[in-house]
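Values quoted throughout were computed directly from the atomic coordinates according to the rules given, and no laboratory measurement underlies them. Bear in mind that the values here come from a model prediction, so they are computed numbers and not experimental data. Please note: Cβ atoms are built from the backbone with ideal geometry, for glycine as well, and neighbour counts cover all protein chains shown.
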Amino acid sequence: MTSPNDNLVKTYKSRQNQVMLVRDSQSGKLSIVKIFKDEASWRTEQQYAAYLRQQNLSVPEITRIEPLTLYMRLIQGKTACELIEACEAAGQAVPEDKLQAIVRLLRDIYTTQLFRDNHLILGDNNWRNFVFSDLDHHVYRIDFESVRTGDITDEAGSLIAFLLTYEPVLTNIKCQAARLLFSLLCQQLCLKKSILAASVSNQLKVIDERRGTQHHHHAVKQLDLTAYGCR
Ligand SMILES: Nc1ncnc2c1ncn2[C@@H]1O[C@H](COP(=O)(O)OP(=O)(O)O)[C@@H](O)[C@H]1O
Ligand SMILES: [Mg+2]
C-alpha cells in the first residue's frame, strides 16, 4: 500500500518484497517504501530496525508504518556491492576504512544486549544490505526481516563468501579485500582464524550448491584457507 501522494522514482531489485524510491508530491521529500510479502517479515524488520536505531547505530529511520508497508529514510549513496564494482572499474583496491566500517558496525550490532542475550544474527549479510552514505560517510545496515537466532561465525563467513562470488568472481581486488576482511573479522568479533576459515569454506559450498557453481575449491586456494586445514 502506498499513499496517493507518492510518485514512483525508482524500483530496486528485490527477490521477496517490493522496494521503491518515491517522492511525496506535496513535500517533495524522497523516501524508501518497502512492501513485505508477509506480516512476520514486516514485524521483524520494524522491531529490529527500531531497536538498533535506539542504540544509536547506523540504521535508517522508519518514518511511517502501514499494513505490510514501511516508509524509511533514504540513505543516499552506494551499496557495498556498488562500491566493489566501482573499485574494480577503477582498478583500485577496496579501501580498508570501508571494510573496517562494515566490520565495526557488525560488531556493534552483535554486541547490543538484545542480540547478545538472544544469540541473534542478521540472517542475510549480502553486500546490498550495506549502504555508504554520501551525506555523513557512515555505513548503514538495512534489511532486518531475516534476523534470527544463529551463529555469528557463520554470518561472518557468509560476508566473505558473498564478496568472493559476486560477478566477476574471485578477481584480485575481491581476493585482496577478502583477506583483509578475514583479519578484521577475526580481530573485531574475536573469532579464531581456523574457525572463521572453516566457516568461509562452508559458506562457499552453500553458495555453490544454491547457484550450481563451483567456486569453492579455487576460493579456498586463493585465500590460503588450506593453511587452516580447509580443502
Ligand atoms: N533506506 C534505504 N536507503 C537506500 N537504499 C535502500 C534503503 N532500503 C533499501 N534500499 C535499496 O533497496 C534494496 C532492497 O532493499 P532491502 O531492504 O535489502 O530488501 P530485500 O529484502 O529485497 O533485500 C537494497 O539493496 C538497497 O539498494
Ligand atoms: Mg536486502
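Tabulated data
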read-out: Normalised alpha carbon radius of gyration of the stretch 67-149 [divisor 2.2 N^0.38 Å]; value: 1.20
read-out: Rounded Å value of the spacing that divides the Cα centres of the stretch 144-162 and the stretch 201-220; value: 16
read-out: Gain upon complete extension [LEU74, LYS193; 0.36 nm per residue less C-alpha separation]; value: 39.2 nm
read-out: Cubic angstrom per residue, convex hull over Cα atoms of the stretch 1-108; value: 128
read-out: Length released on extending from ARG53 to ARG107, taking residue separation times 0.36 nm less the Cα-Cα span; value: 17.9 nm
read-out: Within the stretch 120-139: backbone nitrogen closer than 16 Å to the ARG148 label point (7 Å, Cα to C-beta); value: 120-126
read-out: Per-peptide average of other Cβ atoms within 10 Å, ordering 117-123, 156-162 highest first; value: 156-162, 117-123
read-out: Backbone HN-Hα couplings from phi across the stretch 120-131 [Karplus 6.51/-1.76/1.60, Hz, Gly and Pro as x]; value: 8, 10, 6, x, 7, 9, 6, 6, 7, 9, 10, 10
read-out: Value in Å of the Kirkwood radius, where the stretch 77-228 supplies the Cα pairs that are averaged; value: 15.6
read-out: Added length on full extension, which subtracts the Cα-Cα distance from 0.36 nm per residue, LYS205 to GLU61; value: 48.3 nm
